[in-house]
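Structure first, commentary second.
What follows is calculated from the coordinates using simple rules that are stated; it is not laboratory data. Here the structure is a predicted model, which means the values were calculated and not measured. Positions of Cβ are generated from backbone atoms using ideal geometry, with glycine treated the same way; all protein chains shown enter the neighbour counts.
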Amino acid sequence: MNDIPLSVFRPVPRLVVKSTTVTRAKFPVIDAHNHLAEPFGGGWDQRPIAALLDRLDEAGVRLYVDLDGGWGEDLLHRHLDGIKAHAPERFRIFGGVDWSKWAELGDGFGQWAADRFRQQVARGADGLKIWKPFGLHVRDQHGVLVAIDDPRLDPLWATAGELNLPVMIHVADPVAFFDPLDATNERFEELNAHPDWQFPSPPFPPFMKIMTDFHSLVARHPQTTFIGAHVGCYSENLGWVGQMLDDCPNFYVDISARISELGRQPYTARRFFLRYADRILFGIDAGADLDTYHIYYRFLETDDEYFNYGAGAIPGQGRWQICGLSLPDEVLEKVYFRNAERLLARR
Ligand SMILES: [Zn+2]
């Protein structure tokens, strides 16, 4: 028995198939889900802005949505002053919520968060970013986990609707992160490398409880535009996401960090793009990275088969390869920029 550890297994596909390099998208691009700095240290706000603009020009990215202001108002202000102020036509920067204040503010927290968001917008923020701790870690003044559709937050969602600004929201995570880490887990290597990405239930709520709360939140606020990050936070089940898009006309999704999922179900994903072409936004969630842009363009535009969705030898989100969707121009145009342009221009 010649068994080798999974960690050294490096199969090289012997397929002989077409391989296309796409360095520029067919249409101008709005990257609707991205970041410019990690919360702790050396981001683009400390580097020359001209270099960043050159890189975006090279990738054909016309407008870049930086969600980092969702980490806190200090970062929001740094990015507004250090990045957006230099090229306001090229950047949108989203604000966020300081959940740590719930303990001291109690049931008044929702109104406080709404007022803070209003002030962030007055300062230049272009939308609201909600990170995944909401639904997994955020607790109220009694130490009780806050459900995603908790009515105490209604003032916040209503304010975003009133200001006509989108809420970019990420809840839960890949389904496998909620499963036991055993030999059947399709994200075994990824979770093994990042043990803190596991959300076993208990203590965490089950994946589907988070998703049904999410659906109820979006349905309860029809005046507010929600963009469900990472294909509506459930890219493994496009039927479920499609149902939510059908149920909630105020719901949109971005494709960031999930071409791995979309590209391993290319027939289903292609039907999804054709049917919901008006509701899908482009984004990569990987910084201003040229190689990643190229892979996304290849995935959307070509019918290349069985290629790596990441840069490393071992694909980061699971050991599979993806196929391109070869989307028609009228769909590409909407996904690359028309949909995002509409949502971001409503101020
Ligand atoms: Zn992100």
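Towards the positive end of the charge dipole of region 101-180, with charges on Cβ (+1 Lys, Arg; -1 Asp, Glu), say which of 114, 125, 163 has the farthest Cα.
Checked the options; the winner is 125.
Quick one: which of 101/129; 26/334; 84/334 span more than 20 angstrom between C-alpha atoms?
In this structure, 84/334 lie more than 20 Å apart at Cα.
Enumerate the calculated ³J(HN,Hα) couplings along region 194-203 in order (Karplus 6.51 cos²θ - 1.76 cosθ + 1.60, θ = phi - 60°), each rounded to whole Hz, writing x wherever the residue is Gly or Pro.
Calculated HN-Hα couplings, in order: 10, x, 6, 8, 8, 10, x, 10, x, x Hz.
Multiply the residue gap between residue 89 and residue 51 by 0.36 nm, knock off their C-alpha separation, and tell me the result in nm, one decimal place.
Gain on stretching residue 89 to residue 51: 12.1 nm.
I want to verify a result. In a Gaussian network model of the chain, Cα cutoff 10 Å, which of these has the top mean-square fluctuation: 144, 97, 175?
144
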